[in-house]
Amino acid sequence: MVGSDPSRAAEELARFAVDLEQKAQRLGELQGQMAMTSASASTAGGRVSVTVDSTGVPTAIGLGPSTRSMDPDALSAEILSCMRKAQVKLRSEVADVMRRVVGEDPAGASILDILAERFPDSESETASEHVPPQSRYATPPVDSGPVSQSKWEPPAPATLNRKPDRDQIFTPDEPDEDDEYFGKKSWLE
């Protein structure tokens, strides 16, 4: 409670206003620094590299020449793994900016908590995320010698074996008023 001395109350209010203004300036500077913060990660050998912005969204993905021969599922898994590494690295970049600009601040701590929840350390990921992707191509049978004379061919997709329904004509059981009207008209009229 403010004492009965009006001059002291005015000084405390002025100090509070200065503190708020300084905090607003630091938070504005923090916002500007955060907007420029990014993090990058790459795989061993630099085959895949990913850069994320301050929100963890990928802004650049680099693929080396050796990725051309990779299975698409394996390449996708490698890109996602690299992106997660960049997002985890982003957390430490943001923490450095926080300490430099605002120091120990409750608002900064809550931002770091949110980032830690969104981008957990790679060790804390579930084991199911580390299962290598299965190939979408059938494995050719092993040649057992002279018994098998046929050449292996990949299985045809199910859509190629199905006969289209374009030969079948569907008509309603009862004609409606549009059918009756247009049935009597010629398109030439």
Checklist line | Of the criteria (1) at positive phi; (2) of a type outside the set (D, E, K, R); (3) more than 24 Å from the chain's Cα centre (by Cα), which one residue 45 fails | finding: (3)
Item checked: Residues that are basic (Lys, Arg), under 22 Å from the mean Cα position of the chain (by Cα) and under 18 Å from residue 33 (Cα atoms), drawn from the range 80-117 -> 89, 91
Notebook entry, point to check: Counting only residues that are in a loop (DSSP other than H, G, I, E, B) and small (Gly, Ala, Ser), which one in the range 48-58 is farthest from the chain's Cα centre (by Cα)?
Noted result: 54
Next item on the list: Pull up the range 36-62, narrow it to residues that are loosely packed, with under 15 Cβ neighbours inside 10 Å and of a type in the set (A, V, I, L, M, F, W, C), then point me to the one that is nearest to residue 95 (Cα to Cα).
Entry: 36
Next item on the list: Check 77, 14 and return the single one that is of a type in the set (A, V, I, L, M) and at pLDDT 90 or above.
Entry: 77
Next item on the list: With respect to residue 9, determine if the residue is of a type in the set (A, V, I, L, M) and under 22 Å from residue 115 (Cα atoms).
Entry: no
Notebook entry, point to check: In the range 112-134, which residue that is among the hydrophobic types (A, V, I, L, M, F, W, C) and at pLDDT below 80 is surrounded by the most Cβ atoms within 10 Å (Cβ to Cβ)?
Noted result: 131
Notebook entry, point to check: Which one of these is on the phi < 0 side of the Ramachandran plot, in contact with a Pro (Cβ under 7 Å, 6 or more places away or on another chain) and surrounded by fewer than 17 Cβ atoms within 10 Å (Cβ to Cβ): 19, 73?
Noted result: 73
Item checked: Which listed residue is modelled with pLDDT under 90, assigned to a helix (DSSP H, G or I) and surrounded by 14 or more Cβ atoms within 10 Å (Cβ to Cβ), from 25, 33, 87 -> 33
Note to self: If I ask for residues that are under 13 Å from residue 47 (Cβ atoms) and assigned to a helix (DSSP H, G or I), which ones from the range 59-77 would you list?
What the structure shows: 65, 66, 67, 68, 69, 74, 75, 77
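To keep it simple, each residue is scored yes or no on (1) over 18 Å from residue 119 (Cβ atoms); (2) touching a residue at least 12 places away in the same chain (Cβ under 8 Å).
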residue	(1), (2)
31	yes, no
38	no, yes
42	no, yes
46	yes, yes
52	no, yes
57	no, no
62	yes, yes
87	no, yes
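The values are calculated or read from the model by the stated rules, or taken from the named source; none is laboratory data. Computed from a predicted model, the values in this text were never measured in an experiment. Note that we place each Cβ from the backbone using ideal geometry, even for glycine, and neighbour counts take in every protein chain shown.
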